[in-house]
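Notes to accompany the following structure.
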Amino acid sequence: ARSDPLVVPDGWIDARPIGEGLLASLERERGEPPLVCAYLKPARVGRDREGLLALYSDELVFVTASGEDRVVSRLDEIAWVELRRSVLSSHLRVVGTDERRWAVASAAPLVPLFRSLRQLIANPRGCG
């Protein structure tokens, strides 16, 4: 766990306040902060989702920037995760019961989340 679990892309000054608001909402609902979370800016505005991706010891939760929609993936149902990076965008892919993909403009917020997610999937009892 990090002292500040929220990672935001550099250069997007609006991302931190939105991410902090979504994080506070999740913390109130769950009664605990996530291990790490990333505010995701879309690779293609209008096509990709913007919001907060939060990693807990049992779930990966995505909350849209509006706070209205959520996607929850239970970690014990995830079989594979991958992070692909290119010059224009990065993709986090989560494969399990369902396949979910997030395309983002910057991989920087995803790297600590991806590392923690892989560790939890590999060793669920060693974390959390």
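The values are calculated or read from the model by the stated rules, or taken from the named source; none is laboratory data. Fair warning: this is a prediction, and the values are worked out from it, not measured in the lab. Backbone-built Cβ (ideal geometry, glycine too); neighbour counts: all protein chains shown. Surface areas here come from the heavy atoms of the whole protein model, side chains and all, with no ligands, DNA or RNA. Shrake-Rupley method; radii C 1.70, N 1.55, O 1.52, S 1.80 Å.
Residue check: LEU60 meets all listed conditions (1) outside any strand (DSSP E or B); (2) within 12 Å of the chain's Cα centre (by Cα) but one, namely (1). When LEU113, LEU22 are checked against the criterion of being modelled with pLDDT of 90 or more, open to solvent by less than 50 Å² (accessible area, probe 1.4 Å) and within 15 Å of the chain's Cα centre (by Cα), LEU22 stands alone in meeting it.
Those residues that are open to solvent by 80 Å² or more (accessible area, probe 1.4 Å), at pLDDT 85 or above and of a type outside the set (Val, Ile, Thr), I need them from segment 80-110; list them, please. Matches in segment 80-110: TRP80, ARG84, ARG85, ASP98, GLU99, ARG101. What residue, among those in segment 25-55 that are within 11 Å of the chain's Cα centre (by Cα) and without any contact (Cβ under 8 Å) to a residue 60 or more places away in the chain, is surrounded by the most Cβ atoms within 10 Å (Cβ to Cβ)? Once the filter is applied, the top-ranked residue is LEU52.
Hey, does segment 10-27 have a residue that's under 17 Å from ILE121 (Cβ atoms) and aliphatic (A, V, I, L, M)? No. Hey, can you tell me all the residues within segment 116-127 that are surrounded by 12 or more Cβ atoms within 10 Å (Cβ to Cβ) and among the charged types (D, E, K, R)? If the condition is that a residue be surrounded by 12 or more Cβ atoms within 10 Å (Cβ to Cβ) and among the charged types (D, E, K, R), then ARG118 is the only one that fits.
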